Amino acid sequence: MRLRFGAMDPPVAAGEAKPAHPIRRFFRKIGPAGPVALIVTAMPAVGTLVLLGFASRVWPWLRGHGWVGVAVFIVIFAVLNGFALMTTYANSLLAGWTFKFAVGLPTVLASLAGAAMIGYALTARIVGHRVQDVIAEHPRWEIVRQALIGGSTLRSFAIVTLLRLSPLLPFETTNAVLAMCGVRPLPYFAGTIVGIAPRVAAVVWAASTMHELTLERAPHPLTLVAGLAITAASLLVVTIVARHALHRACAVPAPAPSPSVPPQV
């Protein structure tokens, strides 16, 4: 008896192309979304390495020009972070070292607010509705998307804030993912500012107390532990919300009791 390992495969007619693998079909449907996510994840590290060579020349000019230097910092780093050419860690360190905490914190938040909206607009322009269309083809995915970001503005704001709280989720990648999934601009903007404020404040404050500017300074171990805890808690809440939405959507309603028929006399 000969074993035919391909016996379970569906027959393919002569001249007919074999159906593409589901993963390949998925990436074809989402178009440029995959490359965009890869680029915005990898490029900030490259830009940060470039900044290492220019930081010693940049910060004296920024500090020496007062509020003009602040405005220049906001515009330049809004563009760099918006185009995923710089990490928020390097941005925050340079602002804390240059302007100290009182001025550095609002300066960084203003630049990241601009960067978030630039990243949102770019992703929406390049990717469009492709990812949302693919999600809509899978009812369970669409249920989760609507539960997380398709409800009220307050609910979407809370979810975005939770995701932004984690220092382990890259700022630029999160910009792209939220834009691809169709988060509305208002909760996206407000949730971004509130969510990134704690970690940005910690880095700016640490940089303002440094005696020598170095972007290679390792974070305190407690900072890493806190980051892991915040990430785990945020993802846990998001998972609970998603599972609750799926459970509620997939619940089978109990059949209505049939009306009793009075006996005929």
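The values are calculated or read from the model by the stated rules, or taken from the named source; none is laboratory data. Note that the structure is a prediction, hence the values are computed from the model and not measured. Cβ sites come from the backbone with ideal geometry, for glycine too, and all protein chains shown count toward neighbours.
Numbers at a glance
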| read-out | value |
| --- | --- |
| Residue within segment 179-192 that is in contact with a Pro (Cβ under 9 Å, 6 or more places away or on another chain) and assigned to a helix (DSSP H, G or I) present | no |
| Filter result for Ile118 (aliphatic (A, V, I, L, M), at pLDDT below 85 and in a helix (DSSP H, G or I)) | no |
| Considering residues of segment 194-215 that are part of a helix (DSSP H, G or I) and surrounded by fewer than 17 Cβ atoms within 10 Å (Cβ to Cβ) only, the residue modelled with the highest pLDDT | Val194 |
| Condition met for Ala102 (at pLDDT 90 or above and either small (Gly, Ala, Ser) or surrounded by fewer than 19 Cβ atoms within 10 Å (Cβ to Cβ) (or both)) | yes |
| Selection within segment 178-193 - over 19 Å from Ala147 (Cβ atoms) and crowded, with 24+ Cβ neighbours inside 10 Å | Thr192 |
| Filtered residue count, segment 130-157, keeping only those that are farther than 27 Å from Leu80 by Cα and at pLDDT 80 or above | 4 |
